[in-house]
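Following: one structure in structure tokens, then a few remarks.
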Number of protein chains: 2
Amino acid sequence: MQTPYYAVIFTSTRTDLDDNYAEMAIKMETLAKQQPGFLGVESARNEIGITVSYWESLDAIAIWKQNLDHLDAQFLGRQKWYENYVVRIAKVEKEYSFER
Amino acid sequence: MQTPYYAVIFTSTRTDLDDNYAEMAIKMETLAKQQPGFLGVESARNEIGITVSYWESLDAIAIWKQNLDHLDAQFLGRQKWYENYVVRIAKVEKEYSFER
């Protein structure tokens, strides 16, 4: 992707409570992909989870943060699914890649 | 952590070749932690791997990138361990967190 753009780095530890977490994660990923300014998302989880989403601008991130369905998910996340999390908003200044 | 600081977002897909990968990963993490300007590192892997390391400055990142043992590891990574990877250098402008 052409720099600069923005990344939201979401690192989390889950509780033991499942309660539709996987469904909600898929729903939020699907919804994020429909937002204006969305560029991509990557996730991995074992002991901790890391999800990085990529966005064209800080405005696009702010609008997604305030999306009503997303606000519901954030609330349920704090109520049920996450032991703790950190959200970092970062400006991607440089990228390079390797492909075999 | 006090913003601004820098993040290196390393996303990768592994080859099937093991060949001391885990040992090297631990060695590099140990070495990174000894570098000046190192602030922290978080990793998760299932289908893809995401490692995010945090640094005080772009200079600290540049010096770590050129560390001789790290250059060896990067070379072996391209030769053996990674199918593909992307490295992104990003300036963390804002962070917030939740703790149960």
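The values are calculated or read from the model by the stated rules, or taken from the named source; none is laboratory data. The shown structure was predicted, so the numbers you read here are calculated from the model rather than taken from an experiment. Backbone-built Cβ (ideal geometry, glycine too); neighbour counts: all protein chains shown. For the accessible areas, the whole protein counts, side chains as well, though only heavy atoms, and no ligand, DNA or RNA atoms are used. Shrake-Rupley method; radii C 1.70, N 1.55, O 1.52, S 1.80 Å.
Just a few scattered comments:
- Test: residue in the stretch A:26-42 that is open to solvent by 30 Å² or more (accessible area, probe 1.4 Å) and of a type in the set (Gly, Ala, Ser): no
- Flag for residue B:79 being open to solvent by 70 Å² or more (accessible area, probe 1.4 Å), under 18 Å from residue B:20 (Cα atoms) and modelled with pLDDT of 95 or more: yes
- Within the span defined as the stretch B:50-67, one or more residues are part of a strand (DSSP E or B), open to solvent by 40 Å² or more (accessible area, probe 1.4 Å) and more than 7 Å from every other protein chain (Cβ to nearest Cβ).
- Only listed residue being touching a Pro at 6+ places or on another chain (Cβ under 7 Å) and either of a type in the set (A, V, I, L, M) or within 11 Å of another protein chain (Cβ to nearest Cβ) (or both), chosen from A:93, A:47, A:99, A:83: A:93
- Of everything in the stretch B:4-25 that is open to solvent by 70 Å² or more (accessible area, probe 1.4 Å) and within 14 Å of chain A (Cβ to nearest Cβ), the residue that is nearest to the chain's Cα centre (by Cα) is B:4.
- Checking residue A:24 against (1) assigned to a strand (DSSP E or B); (2) touching a helix residue (DSSP H, G or I) at 6+ places or on another chain (Cβ under 7 Å); (3) touching a residue at least 24 places away in the same chain (Cβ under 8 Å); (4) not small (Gly, Ala, Ser), the condition it does not meet: (1)
- Residues of the stretch A:1-20 satisfying the condition of being in contact (Cβ under 8 Å) with a residue 12 or more places away in the chain and farther than 16 Å from residue A:50 by Cβ: A:1, A:3, A:4, A:5, A:6, A:15, A:17, A:19
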